[in-house]
Amino acid sequence: MRVGHDPIILNAAAAFVRNDSGQVLLLRRADRKEEVWGLPGGMMEVGESAEETMRREVQEESGLQVVVDRFLGVYTKDRLDTYPNGDRAHVILFVFVCHPCGGVLRVDSAEAAELRYFDPGGVPSTIRHQDILRDYL
């Protein structure tokens, strides 16, 4: 068994949340010094499905409840992600395309500095998920 800061594998889920105008919801991360935008989502907890993880994380980070329109895909990288505390992980990310069905859009300041809808062709250049955005488009 390994303990400490050895690299690990993490499962995560995220969503392209689309509004009625076809814009996608992005989150500007609060835990980074540089400006980083990304999809709402996060790490899977024991006993959750990927879809349950995505729904929970979207609600925690944005206040929105969502309905899944379709499953976009599973994404991995050929490198490890490094977190602000120095931990490193190989992340397996399950991505869904959704639309809001309830809740009220609000920022969870612990994780998000800002939430904003963008036209899919006009997202910030600092989005973390460029490859996923290409697939979505």
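Things to note:
- Listing of strands (runs of 3 or more DSSP E) fully contained in the stretch 1-103 that carry 3 or more residues being at pLDDT 95 or above: 8-17, 24-29, 64-75, 88-103
- Scanning the stretch 108-137 for residues that are in contact with a helix residue (DSSP H, G or I) (Cβ under 8 Å, 6 or more places away or on another chain) and among the aliphatic types (A, V, I, L, M), we see that the one that is most open to solvent (accessible area, probe 1.4 Å) is Leu137.
- Pair list, Cβ under 8 Å, 6 or more apart: the stretch 11-35 residue of a type in the set (Phe, Trp, Tyr), other residue in a strand (DSSP E or B) and open to solvent by 30 Å² or more (accessible area, probe 1.4 Å): Phe16/Leu72
- Leu39 in contact (Cβ under 8 Å) with a residue 12 or more places away in the chain, in contact with a His (Cβ under 6 Å, 6 or more places away or on another chain) and within 17 Å of Tyr117 (Cα to Cα): yes
- Being surrounded by 14 or more Cβ atoms within 10 Å (Cβ to Cβ), within 30 Å of His5 (Cα to Cα) and touching a residue at least 12 places away in the same chain (Cβ under 8 Å) is true of Leu93.
- Taking the stretch 12-23 as the range and being surrounded by 14 or more Cβ atoms within 10 Å (Cβ to Cβ) and over 12 Å from the mean Cα position of the chain (by Cα) as the test, the residues that pass are Arg18, Gln23.
- Total residues in the stretch 69-90 satisfying the condition of being among the basic types (Lys, Arg) and either open to solvent by less than 40 Å² (accessible area, probe 1.4 Å) or within 16 Å of the chain's Cα centre (by Cα) (or both): the figure is 2.
- Residues of the stretch 37-66 classified as closer than 11 Å to Ala15 by Cβ, among the acidic types (Asp, Glu) and open to solvent by 10 Å² or more (accessible area, probe 1.4 Å), total: 2
- Residue selected from the stretch 108-137 under the condition part of a loop (DSSP other than H, G, I, E, B) and free of Cβ contacts under 8 Å to residues at least 40 places away in the same chain, by the criterion farthest from Val67 (Cα to Cα): Ser125
The values are calculated or read from the model by the stated rules, or taken from the named source; none is laboratory data. Note that the structure is predicted; figures quoted are calculated from it, not measured. Using ideal geometry, Cβ is built from the backbone for each residue, glycine included, and neighbour counts are taken over all protein chains shown. Areas reflect the complete protein model, heavy atoms only, side chains present, ligands, DNA and RNA absent. Shrake-Rupley method; radii C 1.70, N 1.55, O 1.52, S 1.80 Å.
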